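Undergrad: Dropping the structure in here first, questions after.
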Amino acid sequence: MAELTRLGQVLHEEHFRILVSICELQNRVSGKAGGKAFEPGNDDDTEEINGLISFLDDVIAHDAFEEDEVFPLIRADGNGLVADQLAEEHMAIEPATHRLRALAVEILRHGPGEGRWTEFRQVAESLFAQMLRHLEMEEELILQRLHHLLDTATDHRLALQHLSARPRYAVETGTAAHN
Ligand SMILES: [Fe+2]
Ligand SMILES: [Fe+2]
């Protein structure tokens, strides 16, 4: 694997976080664990749901950045079909992400009844499968090509722009803005 550019490192770290969180979610909704719904009054469950909401917000921001800044680079490089395919995957992931977030909020407020937990599990399982495929594609089709798509100054500018919009990442990764 070629060394990643600065922006490539930032996106790769986010992909890794998304992968860890989506696998944790999959474990929570499948098998024996999946038979036990979140309980709104339970502190651990409340923390877990809030963590999930925050994770889903990160996914939404990550995808928006790719659509605004990264996919146009791929198109400009003559790979419109690749950009279209990745954008299509976003169009499938986005409604599932928003629906799962809405269900998480509803479960927090009103509990898992009235089919909410059942739907939550279904949407989470579907998002898991979509996300795994998508992350693999982007790692191969975007991150490995960023050297070719970006000059150093643009690479650093975009990495900084994205990190500035995601202060949590900047603090946690230490890749911030001073480099
Ligand atoms: Fe991505
Ligand atoms: Fe993406």
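Undergrad: From the gyration tensor of the Cα coordinates in the chain, what semi-axes in whole Å does the equivalent ellipsoid have, largest first, with each one equal to sqrt(5λ)?
TA: After scaling each eigenvalue by five and taking roots: 33, 18, 13 Å.
Undergrad: Okay, moving on. Using DSSP to call loops (not H, G, I, E or B), can you name the GluC sites (Glu not before Pro) in region 1-70 whose Cβ has at most 12 other Cβ atoms within 10 angstrom?
TA: Glu3
Undergrad: Would you work out the relative contact order for the chain, in percent, from Cα pairs under 8 angstrom that are 6 or more residues apart?
TA: Normalised by residue count, the contact order of the chain is 36 percent.
Undergrad: For the charge dipole of region 81-120, defined by +1 on Lys and Arg C-beta atoms and -1 on Asp and Glu C-beta atoms about the Cα centroid, which residue among Leu86, Pro112, Ala102 has the Cα displaced farthest towards the positive pole?
TA: Pro112
Undergrad: Can you tell me the alpha carbon radius of gyration of region 12-107 divided by the globular rule-of-thumb value 2.2 N^0.38 Å?
TA: Output field value: 1.28.
Undergrad: Stretch Met137-Gln85 to full length: gain in nm at 0.36 nm per residue minus the Cα-Cα span?
TA: 17.8 nm
Undergrad: Return the loop-located trypsin sites (Lys or Arg not before Pro) in region 33-138 (DSSP other than H, G, I, E, B) with at most 11 other Cβ atoms within 10 Å of their own Cβ; answer none if there are none.
TA: Lys36
Undergrad: Here is a further query. GNM on the chain, C-alpha springs below 10 Å: top fluctuator among His147, His90, His15?
TA: His147
Undergrad: Would you mind working out the magnitude of the charge dipole of region 6-151 relative to its Cα centre, with +1 at each Lys and Arg C-beta and -1 at each Asp and Glu C-beta, to the nearest 20 Debye?
TA: Dipole magnitude for region 6-151 comes out near 460 debye.
Undergrad: Through the Karplus equation 6.51 cos²θ - 1.76 cosθ + 1.60, θ set to phi - 60°, convert the phi angles of region 72-88 into ³J(HN,Hα) values in whole Hz; use x for Gly and Pro.
TA: Whole-Hz 3J(HN,Hα) from phi for region 72-88: x, 5, 5, 5, 5, 8, x, 10, x, 5, 5, 4, 5, 5, 5, 5, 4.
Undergrad: Going through region 82-119, which GluC sites (Glu not before Pro) have at most 15 other Cβ atoms within 10 Å and a DSSP loop state?
TA: In loop regions of region 82-119 (DSSP not H, G, I, E or B), the sparsely surrounded GluC sites (Glu not before Pro) are Glu114.
Undergrad: Starting at the first residue of region 51-64, write each ³J(HN,Hα) from the Karplus equation 6.51 cos²θ - 1.76 cosθ + 1.60 with θ = phi - 60°, in whole Hz, x for Gly and Pro.
TA: x, 5, 4, 5, 4, 5, 4, 5, 5, 4, 5, 4, 5, 5
Undergrad: If you don't mind, another one. List, in order, the whole-Hz ³J(HN,Hα) value for each residue of region 16-21 obtained from phi through the Karplus relation with A = 6.51, B = -1.76, C = 1.60 and θ = phi - 60°; use x for Gly and Pro.
TA: 5, 4, 4, 4, 4, 5
The numbers here are math on the coordinates, done by the rules we state, and not lab data. All figures in this text were calculated on a predicted structure; none of them were measured in a lab. Positions of Cβ are generated from backbone atoms using ideal geometry, with glycine treated the same way; all protein chains shown enter the neighbour counts.
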